[in-house]
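Remarks on the structure that follows.
The values are calculated or read from the model by the stated rules, or taken from the named source; none is laboratory data. Being a predicted model, the structure only gives us computed values, none of them experimental. FYI the Cβ positions are ideal-geometry reconstructions off the backbone, even for glycines, and counts take in every protein chain you see.
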Amino acid sequence: MKQNSKVLDVAGISKKFGAVEVLCDVSFQVDKGETVCVLGPSGSGKSTLLRCINWLERPDAGQIYLNGKQIGVTAGGTVMTDRDLSAVRTRIGMVFQHFALWPHLTVLQNVTEAPIQAQKRPKAEVRDEALALLAKVGLIDKRDAFPARLSGGQKQRVGIARALALRPDLLLFDEPTSALDPELVGEVLVVMRDLAREGMTMVVVTHEMGFARDAATRVMFLDRGRVVESASPEQFFTQPETERARQFIQRYAGSAANGKT
Amino acid sequence: MIHDFGVVWSERGLLLSGLANTAILSALAAVAALALGIALAPALMSRQRVVAGAAQTLVDGMRCIPFLLFAYIIYYGLPSLGLRFDNWSSGLVALIVYNTAYMAEILRGAWKAQPREPIEAGIAFGFSGVRLFRRIILPPLLLSAGPVIGNQMIQIIKDSAFLTIIALPELTHAASSIQSRHYVPFAAFITAVFLYWGLCLVIEAGVGSIGRLAEARR
């Protein structure tokens, strides 16, 4: 039964860009309902790790399992076709640093596009769900606006609604507040906190120490492509095991205080 | 001079059928060249070097041939290879093939200028292959390339005038025959110029409305 509660299993992922080793033998698991925050200095491989999970980057070594099924590689051991990979990817929602909304579609269409076109779900059902999701992120009145007319915080909330519309098993956040003006960070974090509380399974790459401290079930500290620490937020922030983590936390101590909402 | 325009007016039937032919020819060529250009653009952007290289060679080669010469080759040259088209088919094929290269190159340029993230989001959200291109990549491309595509359509209208040399009864051909029949060159040709101008205004109006669509999304 315990096996069933494991949503994501990352086993020994390595990735090189040319001669640069970006990820080195990274392993971790995420249980259903967990919010794992991935912290670490820039260039530590956080984003690459996230992008390897849904095979936006193809890992050089290691395996990734979503609900026990391997991603990217078929049962026969060959690399999945784009079509099969696409089907797996619709089980994973992703929220991007620079929002990455589709500029030619309205807010509502952004949310309904993938469920209708990629998941082939019935239009009416998807539309109802999308409207409910937009209400949830507080943007129902913007449903017919184009992304270009929204603020950064609004764009990112649409980004979250778009990811949720997939009914994903797992949500990936790639520095979702890094591109936002400071006064807009809060409105996005509120939505993310709600999701964490509701038991959505999430992996969040972030520099928001406040969020990691009080919304994460677990914190993973990455440095130079390796998992240096993995602990509960209380333990990580009060008694980090390594000197690297201690320095990192100290450097971000200021922003952790500001990040509280 | 007034008399000359009177002569042109008396031949208005000929002129209008020339205008209609130019409009039909240009419209068919524009639609087909854009469609083929859209099909060719992914080849230009292909990550497989051989595919991209072959497509680029084709496009660059085509863009460096003077259109008049290309039309000559299709109409006069191909029959010696056993391929014979009438003047309508030759003219249409020449316009389409020639402008497909331009359309594909325009789209390639616009594609390269697109931000990477929305396309990546498309991949992450389960789009791939033709569906990724059609739903996620192409629409913003067409919106941003709209004015340049419109410009190329105007080019198509003007290029179609060359087809008078293969005796295609389009607008320039009509003006030409009126002037040779009545010797009213200024009146005949200036009237044709204004009719071309009218056609281009129609294109401009279309580009304007695409521009407004794009503006709302920018």
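A few notes on this one:
- Comparison of A:162, A:157, A:143 shows that the only residue that is at pLDDT 95 or above, more than 12 Å from chain B (Cβ to nearest Cβ) and under 15 Å from residue A:99 (Cβ atoms) is A:157.
- Reported count of residues in region A:198-224, each being over 18 Å from the mean Cα position of the chain (by Cα) and either among the hydrophobic types (A, V, I, L, M, F, W, C) or not in a strand (DSSP E or B) (or both), is 1.
- Residue in region B:166-173 that is at pLDDT below 90 and small (Gly, Ala, Ser) present: yes
- Number of the exception - residue A:59 against (1) more than 14 Å from chain B (Cβ to nearest Cβ); (2) touching a Phe, Trp or Tyr at 6+ places or on another chain (Cβ under 9 Å); (3) crowded, with 22+ Cβ neighbours inside 10 Å; (4) not small (Gly, Ala, Ser): (2)
- Verdict on residue B:181 being surrounded by fewer than 19 Cβ atoms within 10 Å (Cβ to Cβ), out of contact with any helix residue (DSSP H, G or I) (no Cβ under 8 Å at 6 or more places or on another chain), within 14 Å of chain A (Cβ to nearest Cβ) and not acidic (Asp, Glu): no
- Residues in region B:105-119 that are surrounded by fewer than 19 Cβ atoms within 10 Å (Cβ to Cβ), closer than 22 Å to residue B:210 by Cα and within 11 Å of chain A (Cβ to nearest Cβ): B:114, B:115.
- Condition check for residue A:28: among the aromatic types (Phe, Trp, Tyr), in contact (Cβ under 8 Å) with a residue 12 or more places away in the chain and surrounded by fewer than 21 Cβ atoms within 10 Å (Cβ to Cβ): yes
- Counted residues, region B:120-139 - those being surrounded by fewer than 20 Cβ atoms within 10 Å (Cβ to Cβ), of a type in the set (Gly, Ala, Ser) and outside any loop (DSSP other than H, G, I, E, B): 1
- Going through (1) within 14 Å of another protein chain (Cβ to nearest Cβ); (2) surrounded by 14 or more Cβ atoms within 10 Å (Cβ to Cβ); (3) in contact with a strand residue (DSSP E or B) (Cβ under 7 Å, 6 or more places away or on another chain); (4) of a type in the set (A, V, I, L, M, F, W, C) one by one, residue A:22 falls short only on (1).
Yes/no per residue for (1) within 14 Å of another protein chain (Cβ to nearest Cβ); (2) surrounded by fewer than 24 Cβ atoms within 10 Å (Cβ to Cβ); (3) not β-branched (Val, Ile, Thr):
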residue	(1), (2), (3)
A:93	yes, no, yes
A:105	yes, yes, yes
A:109	yes, yes, yes
A:115	yes, no, yes
A:119	yes, yes, yes
A:122	no, yes, yes
A:126	yes, yes, no
A:130	yes, no, yes
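- With respect to being more than 15 Å from residue B:37 (Cβ to Cβ), part of a helix (DSSP H, G or I), within 14 Å of another protein chain (Cβ to nearest Cβ) and at pLDDT 95 or above, residue B:143 falls outside the description.
- Test for residue B:164: is it of a type in the set (Ser, Thr, Tyr) and touching a His at 6+ places or on another chain (Cβ under 8 Å): yes
- Single unsatisfied condition, residue A:96 versus (1) without any contact (Cβ under 8 Å) to a residue 40 or more places away in the chain; (2) out of contact with any Phe, Trp or Tyr (no Cβ under 6 Å at 6 or more places or on another chain): (1)
- Scoring residue A:98 on the criteria (1) within 14 Å of another protein chain (Cβ to nearest Cβ); (2) surrounded by 21 or more Cβ atoms within 10 Å (Cβ to Cβ); (3) assigned to a loop (DSSP other than H, G, I, E, B) leaves a single failure, condition (2).
- Where residue A:138 falls short, out of the listed (1) over 29 Å from residue B:130 (Cα atoms); (2) part of a helix (DSSP H, G or I): (2)
- Of note, residue A:177 does not satisfy the criterion of being crowded, with 21+ Cβ neighbours inside 10 Å, in a helix (DSSP H, G or I), polar (S, T, N, Q) and more than 9 Å from chain B (Cβ to nearest Cβ).
- Residue B:37 vs. criteria within 24 Å of residue B:199 (Cα to Cα), touching a helix residue (DSSP H, G or I) at 6+ places or on another chain (Cβ under 7 Å) and of a type in the set (Gly, Ala, Ser): yes
- All told, residue B:130 falls short of being more than 14 Å from chain A (Cβ to nearest Cβ) and either of a type in the set (Asp, Glu) or out of contact with any strand residue (DSSP E or B) (no Cβ under 8 Å at 6 or more places or on another chain) (or both).
- Residue within region A:231-251 that is more than 30 Å from residue A:118 (Cβ to Cβ), among the hydroxyl-bearing types (Ser, Thr, Tyr), surrounded by 14 or more Cβ atoms within 10 Å (Cβ to Cβ) and at pLDDT below 95 present: no
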